[in-house]
Amino acid sequence: MIKLGELMMILDLHRQGLSVSAIARQTGIDRKTVRKYIERGMEAPAYGPLRPRQTVIEAFSCPACPAECLNGIIDRKPQAPPASGG
């Protein structure tokens, strides 16, 4: 991903009539990348939809009965250690 200033420079050089190879040499960016950004112009990149991510609690829950499993884990109170008799 190139910075906005670099994109503006590529588009400005292209408007001045420089070839893709000349722009690539001058900016130090690969000519295929220069060509891609010239074709795209100032258009924002299009990202696909994000997949929903699994939460930490869902990773350990039982798919058959998630509420009961989670209630058993969350509501469990710590037990006192056994008394040592002796």
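The values are calculated or read from the model by the stated rules, or taken from the named source; none is laboratory data. Source: prediction; values computed, not measured. Positions of Cβ are backbone-derived with ideal geometry, glycine not excepted, and every protein chain shown enters the neighbour counts. These accessible areas exclude ligands, DNA and RNA; they are computed on the full protein's heavy atoms, side chains included. Shrake-Rupley method; radii C 1.70, N 1.55, O 1.52, S 1.80 Å.
Within a Cβ distance under 12 Å of Val20, other residues only, what is the Lys/Arg minus Asp/Glu net charge? It would help to have the intermediate numbers written out before the result.
Working: positive: Arg25, Arg31, Lys32, Arg35, Lys36; negative: Asp30, Glu39.
Once all neighbours under 12 Å are counted, the net charge is +3.
Sum up the charges of everything whose Cβ sits under 15 Å from the Cβ of Ala44, counting Lys and Arg as +1 and Asp and Glu as -1, but leave Ala44 out.
+1
Would you mind calculating the gained length between Arg51 and Ser19 on full extension (0.36 nm times residue separation, minus the Cα-Cα distance), in nm to one decimal?
Going from the current span to full extension adds 7.5 nm.
Rank these by accessible area, largest first, 1.4 Å probe: Arg40, Arg31.
Largest accessible area first, the residues go Arg31, Arg40.
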